[in-house]
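Structure, as structure tokens:
Laboratory data are not the source of any read-out in this text; all were calculated from the coordinates shown. The shown structure was predicted, so the numbers you read here are calculated from the model rather than taken from an experiment. Glycine gets a Cβ as well: all are built from the backbone with ideal geometry, and neighbour counts include every protein chain shown.
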Amino acid sequence: MGRSVLSQQQFTRATVTIFAEPGSWIETGAVDQCHQVAALDGMIHVAGMPDLHPGKGAPIGAAMLSSVLYPFLVGSDIGCGIAVFPFRLKRVVPERLAGRFPDLDRPVGADGPPGIDVPAGYTDQLGTVGRGNHFVELAKVDAVLDTGHAGRLGLSAGDTVLIVHSGSRGLGERILRSHTEVHGAGPAADPAAYLAAHDDAVRWGHLNRRIMAERVADALGADLGEPVTDVCHNSVEIRDGHYLHRKGAAPGDGTDVLIAGTRGTRSFLVAGHAGPQAGHSVAHGAGRKMSRTDALRRGRAKHTVEELRRTAVGSIVVCGDRQLLFEEAPGAYKRIEQVIGDLVAHGLATPVVSTVPLVTYKTAEPTSRKGGRR
């Protein structure tokens, strides 16, 4: 256990623990959602990560252990996760590379890549990043924080890496919708059937991230290595005979995890060593501190679109959706250093390296979608 815990209370028969220091930004609404989930039939324990924030019906940034399987606690983006690929370029000129990113809103094709078995046969959106907080980012390792561990991963200061954050796209949505249309937020009537579909979506998410990395490498003329990590943070697993749901929480028991900051701040690759009290999990990112509506309203009052295309760390943002530029502005998120500090304080993770963005891709520019160059 860490030095301090905001909340550890008995609620019905399930416990709730929030792993954040007293000065960290944790909304009351998110904590309330944790207790609402704890009141569900069969719930045993809810662990809130330091990036905890309110979601639609369930908290984001939580690991939830239960004797009952609840699909809505995983959500629609099953298998969403973050992969980090070594990415070797001859020259790194962000302004030039930004203009060469492929259109990752366009799928690779109806048949998928040749010779690849696409999970569930779902090819509609294969090779696409999606909206929301998803991104593909060319980044640089700017600090090595654990020399031995970084060396084992083959990472050194100054290395370029490609970070890919996306999930199962429409496949996950289809799986959740088929459940909620009949059962709403209730438990899975056939857990085995849900888990089989869930596992397809998780595999699809891994494949999608790999295909996007290959598309970017081909467009930028880079050598793409095998991922040093590719971990999903929306999933459920059977653990000690119970269902461990993760919504915006990454497996953190002996796993290397990239915890994303924002397009204008560092991200951190950490070695997770979280135990059962934390749901064997770590945070998945900085966590929102503003709703999208608030971020849009406040951002438009403070910034122009062009100001948001160049970040405080000098990186470039490729985003053809002006509203998304404001919704995903760095100021809409918590401080990533605080999130990482909380994980360290509670003994859940050890930072290995930090990365700084060079080019962050969100959506293609409109001219790119028409086949032209930016």
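Here are a few things to note about the model shown:
- Positive-end residue, the range 65-162 charge dipole about Cα centroid, Cβ charges, pick of 76, 108, 98: 98
- Extension gain from residue 313 to residue 36, taking 0.36 nm per residue of separation minus the Cα-Cα distance: 95.8 nm
- Spin-label model distance (nm) - residue 294 vs residue 196, 7 Å beyond Cα toward Cβ: 4.4
- Among 41-47, 246-252, 263-269, 191-197, the peptide with the highest mean count of other Cβ atoms within 10 Å heads the list, and the full ranking is 246-252, 263-269, 41-47, 191-197.
- The chain: angle of helix 191-220 to the longest principal axis, Cα-based, in degrees nearest 10: 20
- Between the residues 244, 262, 272, the greatest Cα displacement towards the positive end of the dipole of the range 214-301, with unit charges on the Cβ of Lys, Arg, Asp and Glu, is found for 262.
- The stretch between residue 156 and residue 182 holds 4.3 nm of extra length on full extension. This uses 0.36 nm per residue minus the Cα-Cα distance.
- Taking a ≥ b ≥ c as the square roots of the eigenvalues of the Cα gyration tensor, an a/c ratio of 1.5 or more together with a/b larger than b/c marks the range 232-345 as prolate.
- In the chain, helical runs assigned H by DSSP with n ≥ 4 each contribute -39500 (n - 2.57); averaged across all residues and rounded to the nearest 500, the mean residue ellipticity at 222 nm is -8000 deg cm²/dmol.
- Positive end of the dipole of the chain (Cβ unit charges, origin at the Cα centre): among 134, 308, 205, the Cα lying farthest that way belongs to 308.
- Simple point charges give the picture: +1 on the Cβ of Lys and Arg, -1 on the Cβ of Asp and Glu, and for the chain a dipole about the Cα centre of about 1300 debye.
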